[in-house]
Structure formats: structure tokens, C-alpha cells
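Contents: one structure, followed by commentary.
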Amino acid sequence: MSGKKHDKSLKMKKISRNGKFFFLALDQGLEHGPDDFDEKTIDPEYIIDLSTKMDITGLILQKGLAIKYSENYMKRVPLILKLNGKTSLAKTEPFAPQITSVKDAVDMRADAVGYTIYVGSERENEMFKIAGEIEEEARDYGLPFIIWSYPRGKSVLKPDSFESIEYAARVALELGADIVKIHYTGSKKSFTEVVRAAGKCKVVSAGGPLEPLDKFYKDSADIMDSGAAGMAVGRNIWQNKSPVYVAKKLASIIFDKER
């Protein structure tokens, strides 16, 4: 991109509230297939319309949903566009190809872009190169760059360990991400170390699969008390029988009203 660079801080403010982030994730259709959905949630319109009733600061979509359902969220919820993705069917070393561009994200009026890397995969060098190119272009356009940083691959013996997750957080910082989305370590003490390793890269915890609400709320409070900047949650909200209520409760935890 040529010409004057845009100010990224404006978009960072748009996808946050008082420096905290609450993202609703709906990129599971590509990543996990239809198994995550029931007869109601299989309709993207249902979940996207729900998002407009929630106190979220961003909606995470792949490009197909972003294009085809734009009238459901545009000017109502900030868009975070995922630039890459893969299915759960391939049994090869983890790699998610880029399927849309930063320029497309700008044309779709996205407020941030996201890209997944699999730290430790045999193809991490490819992902790092692409991430570097995305970061440069996103910086030119003034778009926050979010890295989904997951330790995966046959060489990663303990992908869910504190050490692996801490390493993944640091990698996102080194690659220039503004925000890193990682999995919770299960401990407030260890996650505090993960947040420290990420430095000035803001840490957002993934919500993960559906779990009992009391555990979900406790983990969420511990995550925020660890110094994390927010959460990106999908299934623990829209797989729940009362998704708007759960989102309201989670928002109160993230934005420090119930901690």
C-alpha cells in the first residue's frame, strides 16, 4: 500500500471498551464443521442477530459469513475478519491457508483482521512469513492484527502445557501482533506468566468447548485477574440455552463489574 499510513489506535478503540475486549467467535463452521451446531444455531443469521443484543466489542467471522450476512451486523457490531482457516478433516501437519486478504477486509469494512499460526508445526516458517506480510499491510491500513497462536504439530508433545502456551504467546509478540488469542492454562498463576511473556501484545483467552456455567464464570474471572485483556468466546455462549444472559454475565466479568 502506498501513501500515508492510517492510525491503528482508532480501530483498537472501536474493538475494545476501556482497554478490554469481548469477542464473539463464529468461525467454527469452517474449523469444526456442522457438529458444533444444532437445528437453531446452524443458521448463521440466528447467531449473528444474537450478537447485536450482546455487549460485545467484536464479531469474528470468516469471509463467507462476512459477505453474505453483512446486513445483519454492519454498523451494529464491529467485524473481525479471519484471513485463514482449515477444516478438521485433514490429518497432516497443522497449516491454515490464507483465504482472503487485508484489502478484502478493508472493502468489507472490517475493524480488525485475524490469522492463525500453529507454533511448532513443520510448516510454521510458511505461516510466519505470511503473518509478517499481513502485519505490514494491516499496519498500513490502520487495522489491528490479531494472531490465533496455538502450539500444534507432531513435534509438540504437550500442546496444552503452560510452557507451550507461554511460548505461543511470546511468538505472537515477536511477529508483531497487537492481540494474541490463546488457550487458558487452567491456572491464574501460570496464566499471569503467559500474559507477562506476551509483553505489549494484548492477551485474549479462547473460550473453548461448552462447560458448566459455574466453572466457565470462575475461569473467566481468573483469566481477567491474570492480567488478560479479554476473551473470545463462541460455544460457551451460543451453545447455551440462554446465550444473551451468559454474554451479559461474561461482559460484567470482562469489564470489571463483577470481580
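Here, each number is a calculation from the coordinates, and none is a lab measurement. Note that the structure is predicted; figures quoted are calculated from it, not measured. Positions of Cβ are backbone-derived with ideal geometry, glycine not excepted, and every protein chain shown enters the neighbour counts.
By counting other Cβ atoms within 10 Å of each Cβ, how are Asp27, Asp160, Asp140 ranked from fewest to most?
Lowest to highest Cβ neighbour count: Asp160, Asp140, Asp27.
In this structure, the pairs whose alpha-carbon distance is over 21 Å, taken from Lys218/Lys257; Lys188/Lys215; Lys53/Lys257; Lys11/Lys241; Lys86/Lys154, are Lys11/Lys241. In the elastic network of the chain, a GNM with C-alpha springs shorter than 10 Å, the most mobile of Tyr115, Tyr184, Tyr217 is Tyr217.
Note on Met74, Met231, Met54: ascending count of other Cβ atoms within 10 Å places them as Met74, Met54, Met231, the fewest first. The string of couplings for region 193-203 from the Karplus curve (6.51, -1.76, 1.60, θ = phi - 60°) is 5, 4, 4, 5, 5, 6, x, 7, 7, 5, 9 Hz, one whole number per residue in order, with x for Gly and Pro.
In plain terms, the residue of Glu174, Glu135 with the fewest other Cβ atoms within 10 Å comes first and the most crowded comes last, giving Glu174, Glu135. Using the Cβ of Gly186 as centre and a radius below 15 Å, the other residues enclosed give a net charge of -3, where K and R count +1 and D and E count -1. Couplings 3J(HN,Hα) of region 49-64, computed from phi: 5, 4, 4, 6, 9, 10, 8, 8, 10, x, 10, 8, 9, 7, 5, x Hz, in residue order, whole Hz [Karplus 6.51 cos²θ - 1.76 cosθ + 1.60, θ = phi - 60°; x for Gly and Pro].
Charge tally around Pro209: other residues with Cβ under 14 Å, Lys/Arg +1 each, Asp/Glu -1 each, net -4. Per-residue 3J(HN,Hα) values for region 110-126, derived from phi via the Karplus relation 6.51 cos²θ - 1.76 cosθ + 1.60 with θ = phi - 60°, read 5, 9, 6, 10, x, 8, 8, 10, 10, 5, x, 5, 4, 9, 5, 4, 5 Hz in sequence order (x marks Gly and Pro). Taking amide H as placed 1.01 Å from N in the peptide plane, the amide H of Phe23 sits under 5 Å from that of Thr57, Met231, Ala232, Val233, each at least 5 places away or on another chain.
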